[in-house]
Amino acid sequence: MSSIAVVPSSIESIKRLATSIKRDQKLTHSRALDAAAVRAGFSNFRHARNALTSAPASSTRQPPAQPLYPLWITAYWRDQAGRCGRETLRMLVRRPWGSILRPSQMTRIHGMGYFRSDASDAFESRTDLTDQRSAREEVCRAARSLQFMEITGLLPLTGQLSRLSEKVQGMPRRDHVSYWHDPATETMVVVDEPYLDGFGIPEREDWARSNGAAIASSRWSGMHSPGSSAAFLLTSIDGRADILATLVQQLDAAAEPVRKDLWPGETASYLPLFVSPERARDGRAKRARRKPLYAGQIRNKAIVYGRTFFGGAWRPNARMPLTAHREAGNLLKELLQHGRLRGSAYGRLGHVRSELDEWVQREYTDSRDLPHEDLNKLYYQGSASSGLDPSDAIARVDELLRQHYPDCVPRRDLVRSLAAAKKDLLREPRQR
């Protein structure tokens, strides 16, 4: 049975829904109007009012409007006290993203790696989040990336990175970097979203000039953390740097990105599971939900820990020596700063680095063993030079993992990623 909410399609129905939202969520009247408008597929109430009440300026025949597709993003949650539910956000989009995006692309999109396509009109979380707040945040995070693609027309880059990717590693205050491409011009675009506290725009512009890059900032609040981070776009001046002005103009004119503190979606019970219209027409049974993970569970030489951003995850139930972590970190930093890796190899090595960074924080919880400033230097800060060939460097990281961690699913996951990255290195690189 579907649990699809009725979607308002007029100003009057949006106002009626706003009254209900205001009562249920204890919002102000203006925030409730915006939330109702977003549920109807608009950016906010002002956008809805302009779109639904405006009339043509003349009797001249207007070109047909581009069709819009409804898209639902759902995250399920279950906490340790036994409470559970789901959070669902409806968007109107120009492309049926659920059938367009490949899994390999979704892992490259900020916030989308936690979801899977449930139908051409729906994404849902792969596992349950640990609480309602986390579920809303992940839905909004995914929605912001889809908003970005809708606004700009950019797609996630899954092919080979360019020389710019190597240079970006040295950009002052870079943070939350993602790689995109413009399908119309095949231009690579880097999006950088540093936190607002104290970054210097002149410093970054000086870096861009000395590294053959063009950089532009947008007033749009970005995908990572609206209100706390800024959005910068970069591309090489050897290519189509002129597209930056168009992209920034599009972003500056767009509505503000979705945020969990202004939740515009639907809150509902865990069961029945959400069924989108396309899923209902398909007739296939829903997939069973995977049980949530709680910190401390041990199974087959692995233990569950509370992941920094995404809830429960597994790591080996062991502790690798800090000397080994330091060596692995230096090798991975050297590999990821190589700059000529294929996008797939870069992503796989980045996954290994991210996981090991998470694991070491759980293995060494006492700051006397691992001070915060030393932790930051292990896998992300600074650079290193081992003199090893990239294939040999990958092999050495593999050796460290096998030597210090027991054979378990989390270790095998990293070993597979390393093997795939090494295989990518043997393929003839393509120039971009």
Inset, instruction - May I ask you to say which residue of LEU233, LEU271 is at pLDDT 85 or above and either open to solvent by 30 Å² or more (accessible area, probe 1.4 Å) or in a loop (DSSP other than H, G, I, E, B) (or both)? - result: LEU271
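Where residues in region 360-381 are in a helix (DSSP H, G or I) and charged (D, E, K, R), which of them is least open to solvent (accessible area, probe 1.4 Å)? Spell out the reasoning first.
Restricting attention to region 360-381, the residues satisfying the condition of being in a helix (DSSP H, G or I) are 360-363, 372-379.
Filter once more, so that each one left must be charged (D, E, K, R): 362-363, 373-374, 377.
Details: ARG362: 62, GLU363: 15, GLU373: 105, ASP374: 63, LYS377: 116 Å².
Here the residue is GLU363.
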Inset, instruction - Filter region 359-384 down to residues that are under 20 Å from ARG348 (Cα atoms) and among the polar types (S, T, N, Q), then give me how many there are. - result: 2
Legend entry - Qualifying residue in region 382-392 (condition: in a helix (DSSP H, G or I) and either hydroxyl-bearing (Ser, Thr, Tyr) or within 14 Å of PRO321 (Cα to Cα) (or both)): yes
Inset, instruction - Run THR107 past the list (1) at pLDDT below 80; (2) open to solvent by 90 Å² or more (accessible area, probe 1.4 Å) and report the number of the one that doesn't hold. - result: (1)
Legend entry - Selection count, region 80-93, where residues are modelled with pLDDT under 85 and either among the β-branched types (Val, Ile, Thr) or on the phi < 0 side of the Ramachandran plot (or both): 2
Inset, instruction - Quick one: ASP238 ticks every box in (1) surrounded by 14 or more Cβ atoms within 10 Å (Cβ to Cβ); (2) more than 28 Å from LYS26 (Cα to Cα); (3) not small (Gly, Ala, Ser) except a single one, so which number is it? - result: (1)
Legend entry - Contacts under 6 angstrom Cβ, first residue in region 177-188 being among the aliphatic types (A, V, I, L, M), partner surrounded by 19 or more Cβ atoms within 10 Å (Cβ to Cβ), 6 or more apart: VAL177/ASP192; MET188/SER162; MET188/HIS181
Legend entry - Which listed residue is out of contact with any Cys (no Cβ under 6 Å at 6 or more places or on another chain) and in a strand (DSSP E or B), from ALA216, ALA208: ALA216
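The values are calculated or read from the model by the stated rules, or taken from the named source; none is laboratory data. Not measured: the values here are computed from a predicted model. Cβ: placed from backbone, ideal geometry, glycine included. Neighbour counts: every protein chain shown. SASA here: full protein model, heavy atoms, side chains in, ligands and nucleic acids out. Shrake-Rupley method; radii C 1.70, N 1.55, O 1.52, S 1.80 Å.
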